[in-house]
Amino acid sequence: MIIITAPVHPYFLNTLTQKGYVYEYLPAITYEELEQRIPVAEGLVVTTRIKVDKNLLCRSDKLKWIGRLGSGMELIDVEFAASKNIRCESSPEGNKNAVAEHALGMLLNVLRNIHKSEKEIGEGKWMREPNRGVELSQKTVGIIGFGNTGSAFAKILSGFDVTVLAYDKYKFDFGKNNIREASIEQVCKYADVISFHLPLNSDTAHLCGRSLFNMMESKPVIINTSRGEIVQITHLLEALNAGVISGACLDVLENESLLTLSDHEKAELESLVQHPKVIVTPHIAGYTHEAFLEMAKVLIRKLDL
């Protein structure tokens, strides 16, 4: 029995049916309902909606694998799963291009005042000089995290005649052509744009906070398409208002459940969305029709289904 706890492309379901697997497609299942059903599961498909913690895993004596649609395993207790010989696989290869395209789209939007000027036209204002933009060409782009999405962003930037400074704590010897390996200090010092492409863990949580902003010398545009907890919004707003950074492109937030925002979080979000040099989107960078299919294909391949 395979339990699928999130929307998945029909390709995935059709493949399971063709190969004779029994599955339950329950994209609206709650944690409590999964507690009751997981003892019969041999496979589990998840996204970011349900936390697969020790409690669930202790109830799953038959579970052989967990498949994560997308990237980031922070909601799965991978270490405990491994102790029970449960295989965990994710599919970041499936949406890396979608994330890269979205990051580029947001960046060009901010650099060229596209959203700002479009809003002004809706207000009856035709303002050319105040919306004179900045070209991406000839700039230095810092990429922090050079895995699937970070390297895909570098690839999509290759047509813009930029220099890429890339930092990755766990990867080396990947610099070539316009891509140069750099320390995080060098990225902060020289980059006109800094884009975060990191998993969320104890090393990366709140990595982009006041101390990192204080190292930035070129007034960069900040891009975050990874996890909201990596960038501290309070400190980002401080840096933005102080002119330490020149803009922000955020597809993720520390708290993405808008109905649960505190008064402080509501005020911060309002400041972000009203700022002319900030773009905020609702965690849709990797959420394309093409990625929806490709992530399903990647999981099928990785899990040998």
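The values are calculated or read from the model by the stated rules, or taken from the named source; none is laboratory data. Everything numeric here is computed off the predicted structure, so don't read it as measured data. Neighbour counts run over all protein chains shown; Cβ positions are idealised from the backbone, glycine included. The accessibility values were calculated without ligands, DNA or RNA, using every heavy atom of the protein model including side chains. Shrake-Rupley method; radii C 1.70, N 1.55, O 1.52, S 1.80 Å.
For the reader, a short list of remarks on this structure follows.
- Accessible surface of D161 - all protein chains present, 1.4 Å probe, nearest 10 Å²: 90
- Cα gyration tensor, region 64-136 - rounded (a/c under 1.5), prolate or oblate: prolate
- Helix-only CD estimate at 222 nm, as mean residue ellipticity for the chain, using -39500 (n - 2.57) per DSSP H run (n ≥ 4): -10000 deg cm²/dmol
- Computed over the chain, relative contact order equals 18 percent, with contacts defined as Cα pairs under 8 Å that lie 6+ residues apart.
- Separation of alpha-carbon centers, region 260-281 and region 61-124, rounded to whole Å: 21
- Expressed as a whole percent, the proportion of Cα-Cα pairs in region 151-267 lying more than 26 Å apart is 20%.
- For chymotrypsin sites (Phe, Trp or Tyr not before Pro), the sites in region 1-100 that DSSP calls loop and that have at most 16 other Cβ atoms within 10 Å are Y21.
- Summed over the residues of region 68-156 and divided among them, the accessible surface reaches 51 Å² per residue at a probe radius of 1.4 Å.
- Amide H contacts under 5 Å for R87, placed H, 5+ residues apart: W65, I66
- Counted charge near E254, where neighbours are those whose Cβ lies closer than 10 Å (Asp, Glu -1; Lys, Arg +1): -3
- Local electrostatic count, L237, Cβ distance below 14 Å [Lys/Arg +1, Asp/Glu -1]: -2
- Efficiency of FRET between N255 and N55 - r from beta-carbon atoms, R0 22 angstrom, step 0.05: 0.40
- The amide H of I223, built 1.01 Å from its N in the peptide plane, has I194, S195, F196, C249 as neighbours under 5 Å, considering only residues 5 or more places off or on other chains.
- The fraction of accessible area contributed by carbon and sulfur in region 196-291 is 55 percent, rounded to a whole number (1.4 Å probe; ligands and nucleic acids excluded).
- Sequentially through region 71-84, phi angles give Karplus couplings (6.51, -1.76, 1.60; θ = phi - 60°) of 10, x, 10, 5, 8, 10, 7, 5, 5, 5, 4, 4, 5, 9 Hz, Gly and Pro residues having no value and appearing as x.
- For region 130-141, backbone phi angles converted through the Karplus equation (6.51, -1.76, 1.60; θ = phi - 60°) give residue-by-residue couplings of x, 10, 4, x, 10, 7, 6, 3, 6, 8, 10, 10 Hz, Gly and Pro being listed as x.
- Each residue of region 212-229 was assigned a 3J(HN,Hα) from its phi angle through the Karplus curve 6.51 cos²θ - 1.76 cosθ + 1.60 (θ = phi - 60°); the sequence is 6, 4, 5, 8, 7, 10, 10, 6, x, 8, 9, 10, 9, 10, 9, 9, x, 5 Hz, with glycine and proline shown as x.
- Over the chain, volume per residue of the alpha carbon convex hull, in Å³: 153
- Loop-located GluC sites (Glu not before Pro) in region 81-126, at most 16 other Cβ atoms within 10 Å (DSSP): E123
- Amide H within-cut-off set for A166, under 5 Å, with H built and near neighbours excluded: I143, R180, E181, A182
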